[in-house]
Each structure stands twice: as structure tokens, then as C-alpha cells.
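Nothing in this text is a laboratory measurement; each read-out follows from the coordinates by a stated rule. What you see is a predicted model; the values in this text were computed from it and never measured. With ideal geometry, Cβ positions are generated from the backbone for all residues, glycine too; neighbour counts draw on all protein chains shown.
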Amino acid sequence: MQDFLKQLPKAELHLHIEGTLEPELMMALAERNGVTLPYASVEEVRRAYDFADLSAFLELYFLGMSVLRHEADFEDLAMDYLRRAHAEGVVHVEMHVDPQAHLARGVPLETVLNGLERARERAARELDISTALILAFLRDKPVEEAMQLLEAVEPYRERFAAVGLDSAELGHPPGRFAEVFQCARQMGLACVAHAGEEGPPAYIREALEQLQVCRVDHGVRCLEDPGLVETLRERGIVLTVCPLSNVSLKVVERLAEHPLPRLLEAGLRLTLSSDDPAYFGGGMLDNFAACREAFGWGEATFRQLAANAIDEAFMTEARRSELQ
Ligand code: HPA
Ligand code: ZN
């Protein structure tokens with residue numbers, strides 16, 4: 001089964017590139033850039049990864065990314081991840097990036113975007129991995145800041161496939177960003193948003209109605225609202241579910257209690273992703289293998305989940321038919 005899961009061509013639709021920063025690279029970049037971290041060793045970094053909830057994780061996530069300063073750091077970060085993904089049978093990766101978090105530290109937009117662009121070109125050439133970039137807005141920051149970012153990104157418009165919404169969910173409903181997402185659509189960008197990870201089903205509904213998202217990141221709390229499940233199913237909206245992330249951030253206590261089997265039974269279109277693999281205990285293959293272990297799914301289920309991701313990916317039709 002492990003061989004089957006490994007060779008299955010997998011598309012990763014829900015990934016934060018800053019969340020792929022492994023402790024080894026974090027320490028190496030801290031040294032290279034003279035950044036002081038509150039950790040003395042790789043082991044100490046790993047020991048800190050015991051999160052009570054999303055907010056507790058985000059604190060370490062923003063701290064970890066403080067080692068990223070130069071274009072080469074972003075290139076190394078992404079290449080390191082893409083090489084690991086390639087070894088796990090991943091053929092396509094869609095990366096959320098959080099420019100606001102870097103701008104706030106004085107790292108210019110072009111540094112972030114040019115570093116990632118170099119990695120994307122190399123991944124296509126060296127690993128035959130296609131990639132797409134998702135411009136994520138931090139939902140706990142002012143709406144005006146998101147609008148300014150969208151304007152600043154105009155010269156780089158062609159590098160992006162979509163806009164997304166991430167960071168602390170509770171108390172930050174998606175509807176606030178309706179105008180930003182409307183402008184993004186006018187620029188020809190697709191729309192996705194995190195909703196229903198920690199937040200209530202009402203946030204998922206808001207993301208659908210006010211942000212007009214084509215995919216919901218996480219969305220696992222939709223089951224609390226049968227009417228919403230019906231809407232998601234009718235519209236064929238994909239939920240990018242991240243099993244190990246949900247365990248790590250205590251959305252569920254154990255994977256065996258995860259709503260994934262019920263989401264499948266409800267007839268929803270699902271994909272599996274790793275979210276922040278360096279922080280949550282594994283990449284795509286680990287997520288697939290954990291589901292096999294917890295739910296005993298057979299090959300047909302994994303084939304369907306992997307096919308859903310390729311069907312829904314932001315990629316050219318030529319690339320899609322190559323992968324189907
Ligand atoms: N949820 C919300 N925002 C995030 C996450 C997550 O898991 N990772 C990085 N930003
Ligand atoms: Zn996420």
C-alpha cells in the first residue's frame with residue numbers, strides 16, 4: 001500500500017510555503033543571516049511544536065519565518081520542500097504565500113516573489129513539478145492592508161493563480177474581505193479561502209457567498225450545518241482537507257475521530273493536503289498513509305482523492321491531460 005500511495009501522482013492544493021520550513025533549514029538560515037532564535041538546537045525547535053490551537057501554532061510559524069531575509073532564502077525554502085515532495089510522488093504544488101508577514105519585517109515583496117519564482121522555474125525544469133502561487137491575505141490584519149497588497153502585486157499579476165485568506169480564523173469572518181476578493185476577480189484571479197477549520201459553518205457560507213470561492217481550505221466544520229453540506233455538494237465545491245494539520249492543531253483529538261469518512265459519505269468533493277508539513281508531522285505521503293491507517297481506505301478512495309486534486313488544480317489543460 002505504501003508503494004501504491006507513493007507512486008500515485010499527487011497534487012498538493014493546500015500548502016503554506018512558509019510552513020515547509022524544516023528545523024534544519026531554519027537553524028541554517030538563522031546562522032547565515034545572523035538571526036537570533038529562542039532555540040539552541042534542531043531538537044529544541046521540534047520540542048516546541050506542541051500546539052494547543054491554531055493561534056499557538058501561528059506564533060511559532062511567524063517566528064520561524066523571521067530567518068527568511070533574502071531572495072536565495074525563499075528559493076532554498078521552496079526548493080527544499082519541492083525536492084521532498086518530488087520524492088513522495090507529488091507532481092503539482094499550489095503554494096500559499098503570506099507577503100504581509102514578510103513586508104512587516106522589512107522584507108520587500110520582490111525579494112519574496114523573485115525567490116519563489118526561481119524555485120518554481122527550477123522545479124519545473126529539474127523535477128517536472130508544476131506549481132501555482134496563491135496570494136494569501138492575513139485575515140486578522142486590516143482589510144486596507146490586504147487591498148494595498150493586492151495593488152502592490154499588480155506588476156506580478158501573471159505569477160499568481162488565485163488569492164486566499166489565512167491566519168487566525170475565530171473572530172475574523174471572511175465577509176470583511178468581500179471587496180478585496182471582488183478586485184482580485186476583476187484582475188482575473190481565482191478565489192479560495194480558509195474557512196471552517198476552527199471557525200463556524202457560517203464562515204464557510206460567507207466565503208461562498210461573499211468571496212465567491214471555488215474551493216474552501218479545510219471546511220471540515222461544514223457537517224454541523226446540513227443545509228451548507230447540500231450547497232457544497234450541489235455546487236461541487238472542493239474542500240482541501242489537511243488531516244495531520246487538524247490533529248496537530250486539535251481540531252480533532254485523534255485522526256480516527258476526524259470527520260473525513262463522514263465528509264466522503266456526504267458526497268463532498270475532497271482533496272488531501274499537508275498545510276504546513278514542517279510543523280504538522282509530515283508531507284503528502286504521510287497524510288495519505290495516516291488516512292490509510294486511521295480509516296482503512298482502499299486504493300479506489302485514494303485514486304479518487306488524488307484525481308479530485310488534479311481536476312481542481314490551477315494548471316493548464318495541457319498539463320492536466322498529461323497528469324490524468
Ligand atoms: N490555518 C490558517 N492559517 C494558516 C495556517 C493554517 O493551518 N498555516 C499557515 N497559515
Ligand atoms: Zn492552511
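Does the chain come out rounded, prolate or oblate, given a ≥ b ≥ c as the square roots of the eigenvalues of its C-alpha gyration tensor, rounded meaning a/c under 1.5 and, failing that, prolate meaning a/b above b/c?
rounded
So which aspartates and glutamates can K6 reach, going by Cα to Cα under 17 Å and dropping same-chain residues fewer than 8 places off?
Candidates past the 8-residue exclusion: E88, D128, D286, E293, E299.
How high is the FRET efficiency between Q2 and R254 when r is their beta carbon distance and R₀ equals 25 Å, given to the nearest 0.05?
According to the calculation, E is roughly 0.75.
Kindly write out, for region 236-249 in residue order, the coupling ³J(HN,Hα) from the Karplus curve 6.51 cos²θ - 1.76 cosθ + 1.60 (θ = phi - 60°), rounded to whole Hz, with x marking Gly and Pro.
Using θ = phi - 60°, the values come out as x, 6, 7, 9, 8, 8, 10, x, 5, 4, 5, 6, 4, 9 Hz.
If packing is taken as the average number of other Cβ atoms within 10 Å across a peptide's residues, how do 201-214, 58-71 rank, most packed first?
201-214, 58-71
At 7 Å along Cα-to-Cβ for each site, give me the label-to-label distance between R83 and E24 in nm.
0.9 nm
Calculate the length of the line joining the C-alpha centroid of region 115-167 to that of region 246-324, in whole Å.
Using only Cα atoms to place each centre, the spacing works out to 23 Å.
Arrange the peptides 77-90, 144-157 so that the one whose residues have, on average, the most other Cβ atoms within 10 Å appears first.
Put in order of decreasing packing, that is 77-90, 144-157.
Expressed as a rounded percentage, what relative contact order does the chain have, with Cα pairs under 8 Å and six or more residues apart?
It comes to 21 percent, rounded to a whole number.
Put a dot 7 Å past each Cα toward the Cβ at E121 and A318; how far apart are the dots in nm?
1.8 nm
So, in nm, how far is label H70 from label D128 when the simple model puts each one 7 Å beyond its Cα toward the Cβ?
According to this spin-label approximation, the distance is 3.4 nm.
Tell me what the chain gives for mean residue ellipticity at 222 nm when only DSSP H runs of n ≥ 4 count, each as -39,500 (n - 2.57), the sum divided by the residue total, rounded to 500 deg cm²/dmol.
-14000 deg cm²/dmol
Per residue of region 70-81, in order, report the coupling 6.51 cos²θ - 1.76 cosθ + 1.60 (Karplus, θ = phi - 60°) as ³J(HN,Hα) in whole Hz, putting x for Gly and Pro.
The phi angles translate into 10, 3, 5, 5, 5, 5, 4, 4, 5, 5, 4, 5 Hz.
Given R₀ = 30 Å, what would the calculated FRET efficiency be for R235 paired with A300, taking r from the Cβ atoms and rounding to 0.05?
E(calc), rounded to 0.05, equals 0.80.
For R215, list long-range residues whose amide hydrogen, built 1.01 Å from N in the peptide plane, is under 5 Å from its own amide hydrogen.
The answer is A193.
For region 43-57, take each phi angle, set θ = phi - 60°, evaluate the Karplus expression 6.51 cos²θ - 1.76 cosθ + 1.60, and give the result in whole Hz per residue in order, putting x for glycine and proline.
These are the phi-based 3J(HN,Hα) values: 4, 5, 4, 4, 5, 6, 7, 9, 9, 6, 6, 4, 4, 5, 5 Hz.
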